[in-house]
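K.L.:
To start, I am sharing the structure in question, which I have written as structure tokens.
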Amino acid sequence: MGKSFTGAKPLPVASRVRRFTVVSWNFALIYLRYKRIQRNTKLSAAEKEARYAREHERNARRLYNTAARMQGLLIKTCQFISSRADVAPPEYVAILGHLQDRVPARSYPAIAAQIERELGEPPEVLFREFSRTPVAAASLAQVHRATTQDGRDVAVKVQYPDIERVVETDLRNMSFLVRLLARIEPEFDYRVLFDEYAKYTPKELDFHLEGRSGERVAKDLAHRKDVRVPAIDWRHTARRVLTTEFIEGVKISDIPGMEAMGVDPNAVAQIMTEAYCEQILVHGFFHADPHPGNLLVQPGPVVVFIDFGLSKDLPAEFRMNYARLTVAIMRQDDEAMASGFRAIGFETKSNDPESLVALGRAFFESAGPGAKPYVDAEVMPEVNERLSRMLKDNPVTRIPADILLIFRVLGLMSGLQKRLDSRVSMADTIVPYAESQSAS
């Protein structure tokens, strides 16, 4: 049967076969369609670009329809793709972006029954008011607005019944496909990334843990008046139900909404960048899922962090070494970059530092000649080609697990920086935080 990811009982055989068949079929179809364009040597550059654009739209709609129907981790995958406005084709960003917080909701009776199982009484007894219609629906849970018996406005996040079994099945399917892709396309070997993803995804199903994570970040950033984290209502919280204060705001990707409030999107980008610098480099504990559905903006501006299901605690030594590496990358200090990568756990086939230096330079060069605070899609092919040549001669043989969620945050933030048309100086913002820790 293979290892269990969540410890949950598996879905019935028919359901498992159906999910595997649907996911595998879509994976194969999308892969072969792109491969056909890639191998067509008769197409001019303009024709190939037009073909890719049509294929992007077709495949994005296919993924959207499949994820909306099957739900589970397919939703999370689509959310991640749509959050990478910096590198994902615009067709994917536009179409899959509808899945950020508009997933088809579960029925109210199913949600009410889940609340009663977890908290011992139905929502009509627990709350003075409880909206039957969710304000948001995501991959693992949906959120309902409610009023407590003492009059407080709260958000009640309710985990979908049976979602643990769905997650278990989806992780097994994804594990198979990631390993298959690594065999047929060795340059796309995402096994290390998937293994870390599979390690943390089951933790998102424990709302007690999520509540404690939110409280920890709230405490760490309490001195900042431009950041808010909803307070936890522990009286109405259980493993599969999480109740927090309800906070109004617009999504961080809603530029017209921010402008209507008189908020400068660039100021929001600055706050977001500083908040993550402090979380990662200073406190070593961070919110690891900054997609547009999890960051809200209020007048001020104030950035509101919600949904701490995916959070990461860094070992102190790793955090300090990562801070030193960050300074080295920002200063383009080759020797310090190589030693910094080694200090946090990177290993290469030989002891030659060139691959590690190339990796550090790729981070820096991916912003393009204008030093944008996000990945420049126009320069990435050249950067990737140069990096691939270097890594082919001396491949990275070990990537530390602790870095992978940082990579996720950096990637998602890059997508948000582009959406916000950010002009944040990454060097001026990051280096002071990193230097304060690297000197420790």
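K.L.:
Among the β-branched types (Val, Ile, Thr), outside the structural domain of ALA50 (by TED's automatic domain parsing) and touching a strand residue (DSSP E or B) at 6+ places or on another chain (Cβ under 7 Å) - does that describe any residue in region 116-133?
P.N.:
The answer is no; no qualifying residue exists.
K.L.:
Related question: Restricted to region 17-54, and to residues that are in contact (Cβ under 8 Å) with a residue 24 or more places away in the chain and of a type in the set (A, V, I, L, M), which residue is nearest to PRO90 (Cα to Cα)?
P.N.:
The extreme case among them is ALA53.
K.L.:
Shifting gears a bit: Kindly indicate whether any position in region 266-285 is closer than 20 Å to LEU73 by Cβ and in contact (Cβ under 8 Å) with a residue 24 or more places away in the chain.
P.N.:
No, because not a single residue in region 266-285 is closer than 20 Å to LEU73 by Cβ and in contact (Cβ under 8 Å) with a residue 24 or more places away in the chain.
K.L.:
In region 291-335, what residues are crowded, with 19+ Cβ neighbours inside 10 Å, over 21 Å from the mean Cα position of the chain (by Cα) and among the small types (Gly, Ala, Ser)?
P.N.:
ALA323, ALA328
K.L.:
Right, something else. Being within 22 Å of LYS418 (Cα to Cα) and either acidic (Asp, Glu) or without any contact (Cβ under 8 Å) to a residue 12 or more places away in the chain (or both): is that true of ASP289 here?
P.N.:
yes
K.L.:
Right, another one. Name the pairs whose Cβ atoms lie under 6 Å apart, with the first residue in region 336-365 and free of Cβ contacts under 8 Å to residues at least 60 places away in the same chain, the second among the charged types (D, E, K, R) and crowded, with 18+ Cβ neighbours inside 10 Å, and 6 or more positions between them or separate chains?
P.N.:
GLY340/ARG324
K.L.:
I need the helices (runs of 4 or more DSSP H) fully contained in region 1-114, keeping only those with at least 1 residues that are charged (D, E, K, R) and at pLDDT 90 or above.
P.N.:
In region 1-114, the matching helices (runs of 4 or more DSSP H) lie at 13-39, 45-70.
K.L.:
What number of residues in region 187-230 are closer than 20 Å to LEU73 by Cα and not acidic (Asp, Glu)?
P.N.:
15
Residues checked against (1) charged (D, E, K, R); (2) exposed (fewer than 14 other Cβ atoms within 10 Å of the Cβ); (3) not assigned by TED's automatic domain parsing to the domain that holds GLU91:
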| position | (1), (2), (3) |
| --- | --- |
| PHE20 | no, no, no |
| SER24 | no, no, no |
| ALA28 | no, yes, no |
| ILE37 | no, no, no |
| GLU47 | yes, yes, no |
| TYR52 | no, no, no |
| HIS56 | no, no, no |
| ALA60 | no, no, no |
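K.L.:
Could you please find all residues in region 212-227 being of a type outside the set (A, V, I, L, M, F, W, C) and crowded, with 21+ Cβ neighbours inside 10 Å?
P.N.:
SER213, GLY214
K.L.:
Under the condition of being more than 21 Å from the chain's Cα centre (by Cα) and of a type in the set (Ser, Thr, Tyr), which residue from region 228-274 is farthest from PRO373 (Cα to Cα)?
P.N.:
Filtering region 228-274 for residues that are more than 21 Å from the chain's Cα centre (by Cα) and of a type in the set (Ser, Thr, Tyr), the one farthest from PRO373 (Cα to Cα) comes out as THR237.
K.L.:
Kindly indicate which of PRO134, PRO186 is modelled with pLDDT of 90 or more and over 20 Å from the mean Cα position of the chain (by Cα).
P.N.:
After ruling out the rest, the residue left standing is PRO134.
K.L.:
Hey, which of the strands (runs of 3 or more DSSP E) in region 277-390, taking only ones fully inside, have at least 1 residues that are modelled with pLDDT of 90 or more and closer than 23 Å to ALA88 by Cα?
P.N.:
285-287, 295-298
K.L.:
What about ARG172, is it out of contact with any helix residue (DSSP H, G or I) (no Cβ under 9 Å at 6 or more places or on another chain) and part of a helix (DSSP H, G or I)?
P.N.:
Against the criterion (out of contact with any helix residue (DSSP H, G or I) (no Cβ under 9 Å at 6 or more places or on another chain) and part of a helix (DSSP H, G or I)), ARG172 does not qualify.
The values are calculated or read from the model by the stated rules, or taken from the named source; none is laboratory data. All values reported here derive from a predicted model rather than from experimental measurement. Positions of Cβ are generated from backbone atoms using ideal geometry, with glycine treated the same way; all protein chains shown enter the neighbour counts.
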